[in-house]
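In what follows, a single structure is set out as structure tokens and then discussed.
Bear in mind that the values in this text are calculations on the coordinates, not laboratory data. Because the structure is a prediction, the values reported are computed rather than measured. No Cβ is skipped: glycine too gets one built from the backbone with ideal geometry, and neighbour counts run over all protein chains shown.
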Amino acid sequence: MTSPTDERFYTELLKLLLQVASSDERIDARELDALVSAGRRWSVPAADIDRLTQALAIGPDDRGADLLDPGSPVRLHTGMSPSRISAGPRVGI
């Protein structure tokens with residue numbers, strides 16, 4: 001059993017690894033499987049894993065999606081430069 005501090009650490013680690021996995025602008029099926037498996041091994045609460053993938057709108061059908069393909073269901077978009085930086089409420093991930 002992991003402590004709440006460990007759960008928080010591993011949830012943050014999982015978020016970081018998801019950023020690394022998508023740095024090549026693709027999320028490979030093996031990468032997504034490995035991340036979910038790691039989260040389970042580290043006792044990251046299933047709800048956190050679900051919220052993380054839902055927040056990114058990533059599901060099993062999106063495995064291997066090309067993040068730069070305009071026809072892809074999961075894509076990266078160039079954002080607008082903000083006129084100012086602000087922060088909103090945390091979403092619980």
Spin-label model distance (nm) - V20 vs R63, 7 Å beyond Cα toward Cβ
2.1
Using 0.36 nm per residue, how much length does the chain from D6 to S43 gain when fully extended, once their Cα-Cα distance is taken away?
12.5 nm
Net charge of Cβ neighbours under 14 Å - reference P4; Lys, Arg +1; Asp, Glu -1:
-3
